[in-house]
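Asks: I'd like to ask some things about the structure below.
Read-outs: derived from the displayed coordinates by stated rules, not from any lab. Quick caveat, the model's predicted, so the values are computed rather than measured. Here the Cβ positions follow ideal geometry from the backbone for every residue, glycine too, while neighbour counts run over all protein chains shown.
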Amino acid sequence: MEIKVLKNIMQHNEDLAAENKTILDRQGIYCINMMSSPGAGKTSILEQTIARLKRKINIAIIEGDLMTSRDAERIDRTGVPVVQINTEGGCHLDANMVNKALQELVLEGLDLLIIENVGNLVCPGTYYLGEHDKVVVLSVPEGHDKPAKYPLMFQEAHVCLLNKVDLLKYSNFDEKIFLSDVQALNEDIEIIRTSVTTGQGLEDWCQLLLKRIAGSKKTDVGSKLGD
């Protein structure tokens, strides 16, 4: 009897992702893959992150979207380099798309690369892009039950931003259930409560990024962290 072994259909993506990471590591660039459902506030968080950090470090953004370039246009107004990827209906970015985007950026001297993935709580968590950390953004209006409904995203993430916490008093979002579900899925995940409206948690988020950047650098960036 002939037994056919099918090659891992994800292998090509994994190989390209490893190539992407090698490119990033060679340049000392810390990279995150930011994921969420549509409307959770990823782009608004990016705008605030850039405003707080662009005088300390060099930042670039890769924007993933189904069709439009509207988010990329918002980022472009912040003055940092941005490359738009349109998936034309695809529900996630893959390593090949990111590899091509890297070729459009000047990587030398870059400290932080943020990939804003397509708005989706399912597919993006499956595809490794070469990033150092996965970050999931969940907004209060989405409900506290989302980690239990979409466990893979929270299992894979290194950081979770619970966004729009200024709306907690207007909602039935149960933080205890949310925290219990997330920690049951991933006890090592770091959770930061954020609000773009009030600014809550954004400094903690930026300090976490600076700490991770320092850890990924081949040279000392202490002077940047102290500015």
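Asks: With the Cα gyration tensor of the range 13-215 in hand, give its eigenvalues times 5 under a square root as the equivalent ellipsoid semi-axes, listed largest first in whole angstrom. Present the calculation step by step, with values, prior to reporting the outcome.
Replies: Values: eigenvalues 131, 69, 54 Å².
Gyration-tensor ellipsoid for the range 13-215: 26, 19, 16 Å.
Asks: Could you list, in their original order, any pairs among K21/K100; K56/K134; K149/K169; K56/K211; K42/K164 whose Cα atoms are separated by more than 20 Å? Please list the in-between numbers first.
Replies: Working: K21/K100 13 Å; K56/K134 23 Å; K149/K169 23 Å; K56/K211 13 Å; K42/K164 11 Å.
Check vs 20 Å cut-off fails for K56/K134; K149/K169.
Asks: Let me ask another. Within a 10 angstrom radius of the beta carbon, how do L102, L152 rank from fewest other beta carbons to most? Present the calculation step by step, with values, prior to reporting the outcome.
Replies: Numbers: L102 21, L152 14.
The most exposed by this proxy come first: L152, L102.
Asks: Output the lone cysteines of the chain: those with no second cysteine's C-beta under 4.7 Å from their C-beta.
Replies: Those would be C31, C160, C206, since no other cysteine Cβ in the chain comes under 4.7 Å of theirs.
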